[in-house]
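Nothing in this text is a laboratory measurement; each read-out follows from the coordinates by a stated rule. All figures in this text were calculated on a predicted structure; none of them were measured in a lab. Virtual Cβ from ideal backbone geometry, glycine too; neighbours counted across all protein chains shown.
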Amino acid sequence: MVSEVQSAAIYGIDGLPIRVEADVSEGMPMFQMVGYLSSEVREARERVSTALRNSGFALPVKRITVNLYPADIRKSGTGFDLPVALAILSATGVIPPDAFWDTFVIGEVNLQGNVCPIPGVLPIVAKAAELQIKRILVPAQNRVEAELLGGIEVIPVESINGAVDYLTGDYEIPPREAQGEAKEASAPDFAEIKGQKLLKRACEIACAGMHNLLMIGPPGAGKSMAAKRLPSILPEMDRKEQMETSKIQSVAGLLTGATALSKRRPFRSPNHTATLQGMAGGGTIPRPGEISLAHNGVLFLDELTEFSPQVLEVLRQPMEDHEITIARANGSYRYPAKFMLVAAMNPCQCGYYPDRNKCRCTRRQLDRFLGKISEPVIDRMDLAVGIKAVAFEELSGESKGESSAAIRRRVEEAQSIQRARYRGEAFRFNSALPAGLIKQYVPLDAAARDYLEEVFFRRNLTARGYHKILKVARTIADLSGKDRIDETCLAEAVCYRGVEKRDWEPEERNRD
Amino acid sequence: MANPYDLWLASVPGIGQRKIASIISACGTARECFYLKEEALRYIPLLREDDMQRIVESRRTWDLERQWEALAKRNVSVIRKGEAGYPSRLLSLFDAPHLLFFRGKLPAEEQRAVAMVGARECTEYGRDMAKRIAGALAAAGVIVISGMARGIDAASHAGAIAGGGETYALLGCGPDICYPRSGRQLYETLVSRFGVLSEFAPGTPPEKGFFPARNRLISALSDAVLVIEARARSGSLITADFALEQGKDVYALPGRITDALSYGTNQLIRQGAYPIVSVEELLTDLKVKGVHAGNAGNTKEPCLRALPATERTVYEALEILPKGLEELLEKTDLSIPALSAALDGLIKKHLAEEGFPGAYRRLY
Ligand SMILES: [Zn+2]
């Protein structure tokens, strides 16, 4: 007899319906699984047969064939254990076939027959809901995550026996434990940073125009303290963004415990020892990497110069395309990766360059240090801000600065101005303004034009540096509700102008 | 005239000027030493066992003809102690180089010469002052002698060239070797217009131990030594010590006592070196008449009073060492655009400069 159970696999960050068929027929006793399976899915055979035995179900001495369909999609992960087990039980007559109508089943089982949590529950539930499936059996420990969406009946199961009890009508769903709308831990706030006026303002501008930001300063100057607070001044995520971000977190197995979709933008700070895969995503059981976990939020690279060039190289494509394509032998898949890049670095090994009173780095040490800077990354930093060294106590003292909420209101206002201005364009923010459209969208008044011309020569700017200043000045104007760029906007933009490698070579620059 | 034997003697590894002097006084000439019986080497004072072995070994392998011809190929001239044209200022040294190698020419004997030395990793202040002082000295007809190192040395050479005067470098390697390599352009200028000198045979790579010896020549070739910036225990202080030993005047550029790069120079002043308080006074002290002295000291004062209020506030907050914008914001209490505009005004008036994006220092 052939039975059929509906389940789903994760493909990228979406659920993909998979049918699990089981056939139990006369013949040489054996148990085989087919259907383009990865090794961990093939191992389900051993797990499931042992789990069934330990749950009190003897496998019939017959020929058992399990097929996962459609056959052209490679199935990975351990979420097929439970559907496979239930399909076999249905084929041997333990569970009536109509019990699976309009039902999805996902879950891993262990050797005792208990159902264990799996990553990627949210996208699967979303897919099931989209297909108007009525209910879904999920591991009990994934219940909260599965119920985040609503619109579908979630059946939490603890064991194979529990699932059988439910499907044979002998089970009551336990009420959900009262979870008292757990409030998200309060986010760090800019009010907690004392002083650092320039740094805070640079953060505000970066968020308002979605500019990438480079912080240059000695260690312990509060670079990561400020970076961590960036999500608190970015507009909250809309429903679509929340879904995207939550799905990524779910696939990465990081959503457990969330009781509601978070509106707070993610902040990711991978260590410089991060591997290529950790950064980009991938692996035998594909997981999104740091750049996707930062989707819709902030990717912070502290100690930029310590990251390997290969790891930084993976940022390049996503910064253009807002997604990353992971090519694999059996096809490729995509993870979204739209993030604001924030990086921090020392100006030199000791951190004090160009203050030669403190910095004793030799030319060669400086050169070696500069050699480590990734040009493609620095090129994409519209804003650079020098940070003053301060003692930690000084940084987080009593005196209250402006709150994140107040800054966020200005950021939101500036972003809505940009949305209106760029209606019909392929981009939304000043940071994405193509060089060819700068003249059109960054109108300068006469005084500003003169000023800029002078600045260009006096500060020895390159064409790229020039464009960065204009884009940042556009954002500064948007923050103060100005339509045209005046001298004040430009004067401020000059303070955050991006750096280039040649800035470290004063001796070679028309000196000596 | 120097001959192929002199070149051989100058090239024996491990044999410095003192030992050469001892050999010459014992043997009379380098040629005598070249053919001296092995046992007789023992009678030459100062030579140790390994020195003798090296002499014997190099006599066996040295190709007198080829090496001598190589000098011309490398465009290197050579002059022997005692020969006409050998810098007489060096003769007072008990260990004056037996041979002096050079590319370009030698400094004129009758012209006044001043050595300028200081830190490689110097401050903007030091670099600036070196340039200005060298420029003023050069314009007044004083030869500037230095060591071609990065930082103060390079700035001194460059300042002298800009001032339209003469400048010479003494190297701690063969005169055909450009060290540091980053100074290629300066080296080429020095070789083609002035001169690069060394007591080390062509092809000798720089070695740490060579530099103190080189420093004694820098001070010996000069009438006075100016130390622009130096940390405690720096190589420039060795030059100053040589100068004092050789009875030359030492001048030091004073700095704030909190500045590490002024510690050495302030210390020199404490020990009796003359402080350089202005270029004009330095020229007077050196008894040379300044043509145009540049601006050191408070010559810009009148112009400051005419500055707009914010620019003046910012100028007063600036220092000679670079300051970050954040610090300037705190000090001046200005808004970011106002501070930026004021800095821009100051840069335009050449009263300030931006050394590194976001780091500003004042000039004058
Ligand atoms: Zn340093």
So what's the angle, to the nearest 10 degrees on a 0 to 90 scale, between helix A:197-209 and the longest Cα principal axis of chain A?
-> 60
Equivalent-ellipsoid semi-axes (√(5λ), Cα gyration tensor) for region B:4-73, whole Å, largest first?
-> 20, 12, 11
Share of Cα-Cα pairs in region B:113-295 beyond 19 Å, whole percent, is 51
DSSP beta bridges in region B:113-295 [antiparallel fraction, %, rounded to 5] | 0
Could you state the principal axis extents of the C-alpha atoms in region A:190-426, from the largest down, to the nearest angstrom?
-> 56, 43, 40
Whole-Hz couplings from phi, Karplus 6.51/-1.76/1.60, listed for region A:434-445; x for Gly and Pro | x, 3, x, 9, 4, 4, 6, 9, 10, x, 9, 7
Check each of the GluC sites (Glu not before Pro) in region B:200-250 and keep only those in coil by DSSP with at most 16 other C-beta atoms within 10 angstrom; list them in order.
-> B:207
Amide hydrogen neighbours beyond the local backbone of residue A:385, cut-off 5 Å, H modeled | A:214, A:215, A:216
Region B:243-261 and region B:312-363: distance between their alpha carbon centers, rounded to Å | 30
Can you pull the percent of Cα pairs in region B:101-149 with separation above 14 Å?
-> 57
Computed over all unlike Cα pairs, the Kirkwood hydrodynamic radius of chain B in Å stands at 22.3
In order through region A:5-20: 3J(HN,Hα) via Karplus (6.51 cos²θ - 1.76 cosθ + 1.60), integer Hz, x for Gly, Pro = 10, 8, 9, 7, 10, 9, 10, x, 10, 10, x, 10, x, 10, 9, 10
From phi via Karplus (6.51, -1.76, 1.60), per-residue ³J(HN,Hα) for region A:140-149 in Hz, x at Gly/Pro = 3, 6, 9, 4, 4, 4, 5, 8, 4, 7
Length gained when the stretch residue A:403-residue A:379 is fully extended (0.36 nm per residue, less Cα-Cα span) = 5.5 nm
Region B:71-203 - convex hull of the alpha-carbon atoms, volume per residue in Å³ = 102
By the Cα gyration tensor axes a ≥ b ≥ c (a/c under 1.5 gives rounded; else a/b larger than b/c gives prolate, otherwise oblate), the shape of region B:301-362 is oblate
At most 12 other Cβ within 10 Å, DSSP loop - chymotrypsin sites (Phe, Trp or Tyr not before Pro), region A:329-381 = none
Amide H contacts under 5 Å for residue A:34, restricted to residues at least 5 apart in sequence or on another chain and with H modeled in the peptide plane, are A:66, A:67, A:68
So which lysines can residue A:247 reach, going by Cα to Cα under 27 Å and dropping same-chain residues fewer than 8 places off?
-> A:75, A:127, A:134, A:183, A:228, A:263, A:338
Asserting the computed 222 nm helical MRE of chain B (DSSP H runs at least 4 long, -39500 (n - 2.57) per run, divided by residue count, to nearest 500) equals -13000 deg cm²/dmol
How many angstrom separate the Cα center of region A:226-251 from the Cα center of region B:123-169?
-> 58
Treating only Lys and Arg (+1) and Asp and Glu (-1) as charged, each at its beta carbon, one finds that region A:28-97 has a dipole about its Cα centre, in Debye to the nearest 20, of 160
Calculated over chain A: convex hull of Cα atoms, volume per residue (Å³) | 173
Sorted by chain and number, the residues with a modelled amide H under 5 Å from that of residue B:352, at a separation of 5 or more or across chains, are B:347, B:363
Calculated from DSSP H runs of 4 or more alone, at -39500 (n - 2.57) each and per residue, what is the 222 nm mean residue ellipticity of chain A, nearest 500?
-> -10000 deg cm²/dmol
Taking every alpha carbon pair in region A:2-167 and sorting the distances into 5 angstrom bins from 0 up to the bin holding the longest one, the percent per bin comes out as 2, 10, 20, 24, 22, 14, 5, 2, 0, 0
Does anyone have the angle between helix A:404-421 and the longest principal axis of chain A? Alpha-carbon axes, 0 to 90°, nearest 10?
-> 90
Write out the trypsin sites (Lys or Arg not before Pro) in region B:35-79 meeting two conditions: DSSP loop, and at most 11 other Cβ atoms within 10 Å of their Cβ.
-> B:37, B:48
Treat the protein assembly as shown as a sphere of radius equal to its Kirkwood radius over Cα pairs and apply Stokes-Einstein at 10 °C in a medium of 1.306 mPa s; give the translational diffusion coefficient in µm²/s, rounded to a whole number.
-> 48
Sorted from largest down, what three extents in whole angstroms do the Cα atoms of region A:1-49 have along their principal axes?
-> 40, 22, 17
Residue A:447 and residue A:482 label points (each 7 Å along its Cα→Cβ direction) are spaced in nm at 0.9
